[in-house]
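A short write-up of the structure that comes next.
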Amino acid sequence: MRKGRGIQFDLFKFSSIQSSISVAFSCLILFILAITSVISYNLSANSVEGNSEHYISEIIQQVNLNIQSYVTNMENIGTLAMTNKDVKYYISSTSFINEEERRPYEKRISDLFQSILISRKDIASIMVFGYNDWFVSDRRITSLNANANITEQPWYTKAQKGSGKSVISSPHVQNIFQNEYRWVVSLSRELKSADGLTGEGIFLVDLNLSVINEICSGINLGKRGYVFIVDNEGNIVYHPQQKLINSNLKTELIDQVTSKSSGSFIVSEGNKKRIYTIKDTHFGWKIVGVAYTNELIANQDQIRVSYILWSILALAIALQISFLIARHLSRPIKKLQSSMKQVEKGDFDIRTEILSENEIGQLGRTFNIMVARIRDLMNQIIQNEHLKRKSELKLLESQINPHFLYNTLDSIIWMAERKKHTEVVQMTSALAKLFRAIINKNTDTIPVRVELEHITNYLSIQKMRYKDKLDFEIDVDPRILDYQVPKIILQPIVENAIYHGIKNKLELGTVKIIAREEGEDLIFIVSDDGVGMDLETMDQGVKLTSGRNKGIGLSNVNERIKLFGSKYGLTFKSERWVGTEVTIVLPKGL
């Protein structure tokens with residue numbers, strides 16, 4: 001079962017920690033600034049909107065008071081008619097015999113009504129209808145519409161039901177006069193007898209809405225805001241766009257308006273909002289103000305631009321501050337990074353100076369301690385490697401193959417018994433020179449000429465031992481004879497060539513040694529025409545050792561050479577029954 005891994009966020013993945021901190025701070029500041037700006041703007045807009053609602057409510061309240069005052073004046077006119085003795089006598093009397101007796105009363109009442117109309121241009125007509133079938137108006141000569149039934153008119157029936165209270169009708173076309181049709185609102189009231197128990201007639205005032213139009217049209221609720229009036233039945237009493245309403249090109253939320261009492265509600269239309277403010281009157285009408293919120297905030301665009309500009313300025317300042325903070329925080333880290341790069345280049349004497357007491361300062365002090373420990377360990381490793389190289393060389397020097405020594409001495413004894421004095425002298429001299437090359441030098445390296453002298457003596461001894469089975473050739477560039485090389489690097493390879501290549505061959509075998517320089521390197525090639533190696537043996541490469549010299553063979557030589565660098569060492573090339581070639585690469589100038 002696989003273990004779940006933590007989620008990795010690469011949002012702030014930059015090459016510089018200063019950039020990461022700056023961007024992180026900037027994004028955080030930008031986010032907070034954006035949220036703060038939006039909240040501030042919304043709070044400001046809501047505050048302005050709330051103040052605008054209150055302002056509209058105050059305006060509509062003033063309109064409401066004006067209209068109620070206007071209607072009250074109309075009601076006072078009715079009261080004036082009710083208290084006039086001529087009117088009361090006229091509608092209550094049934095003793096008039098003919099028209100001549102009623103004429104003086106009608107004249108005085110008509111004059112009264114005309115005097116009222118002279119001062120009130122908003123009144124279309126004033127009339128009184130008695131239940132005794134007599135009526136009088138502001139006109140001297142009044143011709144009633146024969147097709148209009150007075151007693152069935154809504155203003156007439158509602159006044160009767162009102163029992164002495166003023167009743168205001170919906171806007172309608174007044175058709176009680178012959179050939180006269182006016183759009184009016186009728187204020188009607190039943191006139192009572194002196195005891196107040198019996199109705200004697202209906203007082204009617206037709207209003208032409210001019211005053212209401214002046215009151216409502218003078219209200220400023222923005223460029224598109226307006227005021228309209230509805231009655232308690234949902235009929236529009238006044239609307240500035242009455243023609244559009246009548247032609248169904250414009251609608252109003254009449255149902256919502258009539259279902260609510262005084263107050264406000266907001267209607268959203270896409271990105272725009274409309275505020276409906278309602279005020280109830282004591283006579284059943286509702287004064288409604290409609291305003292568009294985007295127009296109420298007169299400087300909405302300026303506020304938005306102001307917020308944007310201040311936000312940009314605040315963001316620029318915040319970014320600068322975040323950059324300075326990020327640079328301050330990253331400066332010691334950059335110092336530490338620079339010190340690490342110096343350590344990568346091999347300078348372990350570097351010290352980073354971070355004086356802060358925070359985690360970065362502790363990291364710097366830990367880094368100094370770590371570098372010092374690494375330097376000490378490296379010095380110790382170098383010393384150990386040096387000692388190891390010396391020990392390996394001493395081991396190599398001290399562990400000359402005993403079998404080689406025994407066989408050489410046996411060969412000398414055998415040649416001495418057969419009186420081969422010349423061969424005895426040659427082999428003994430070669431053996432002495434071989435030991436002298438190994439033992440007399442106290443340094444780790446020797447000149448190429450000494451190494452070649454040593455391997456020549458070694459091959460000479462082996463050639464005497466194996467007689468007709470071994471021969472050797474040495475081809476060395478004279479220019480490299482004075483270069484220093486590690487001691488005893490050729491003998492294990494030559495020994496390996498003899499014991500594993502030439503010895504197992506039936507006919508004569510030859511070992512060739514070639515030495516030259518290539519650029520800054522020394523190249524030694526040891527080849528033989530022996531039996532070669534198979535793939536498995538060749539794959540083991542430097543793991544090959546002479547059977548009797550385990551631990552001192554090719555692997556030892558390869559490891560000692562690789563101490564000078566990974567590109568140096570031994571490489572093999574071999575073919576079965578053809579031979580083997582070993583290449584040694586060494587640096588010059590040891």
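The values are calculated or read from the model by the stated rules, or taken from the named source; none is laboratory data. Keep in mind it's a predicted model, so treat the numbers as computed, not measured. Neighbour counts run over all protein chains shown; Cβ positions are idealised from the backbone, glycine included. Heavy atoms of the whole protein, side chains included, go into the accessibility calculation; ligands, DNA and RNA do not. Shrake-Rupley method; radii C 1.70, N 1.55, O 1.52, S 1.80 Å.
Which pairs do you get when a residue that is of a type outside the set (D, E, K, R), found in segment 376-389, comes within reach of a residue that is surrounded by 11 or more Cβ atoms within 10 Å (Cβ to Cβ), reach meaning Cβ atoms under 8 angstrom, with the pair 6+ apart or on two chains? Filtered contacts from segment 376-389: Met378/Phe348. Scanning segment 121-154 for residues that are surrounded by 16 or more Cβ atoms within 10 Å (Cβ to Cβ) and either touching a His at 6+ places or on another chain (Cβ under 6 Å) or of a type in the set (D, E, K, R) (or both) gives Asp122, Asp138. Of the residues making up segment 202-235, those that are under 22 Å from Thr72 (Cβ atoms) and part of a strand (DSSP E or B) are Ile202, Phe203, Leu204, Val205, Asp206, Leu207, Val227, Phe228, Ile229, Val230.
Residues checked against (1) in a strand (DSSP E or B); (2) surrounded by fewer than 19 Cβ atoms within 10 Å (Cβ to Cβ); (3) of a type in the set (Asp, Glu):
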{"position": "Val557", "(1), (2), (3)": "no, no, no"}
{"position": "Lys567", "(1), (2), (3)": "no, yes, no"}
{"position": "Lys573", "(1), (2), (3)": "yes, yes, no"}
{"position": "Ile584", "(1), (2), (3)": "yes, no, no"}
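Looking only at residues of segment 182-208 that are among the charged types (D, E, K, R) and more than 18 Å from Tyr90 (Cα to Cα), we find that the one that is surrounded by the fewest Cβ atoms within 10 Å (Cβ to Cβ) is Arg182.
From the list Leu363, Leu319, the one residue that fits, being in a helix (DSSP H, G or I), of a type outside the set (S, T, N, Q), open to solvent by less than 90 Å² (accessible area, probe 1.4 Å) and at pLDDT 75 or above, is Leu319. Here the strands (runs of 3 or more DSSP E) wholly within segment 450-535 that include at least 1 residues being in contact (Cβ under 8 Å) with a residue 60 or more places away in the chain are 484-486, 509-518, 521-528.
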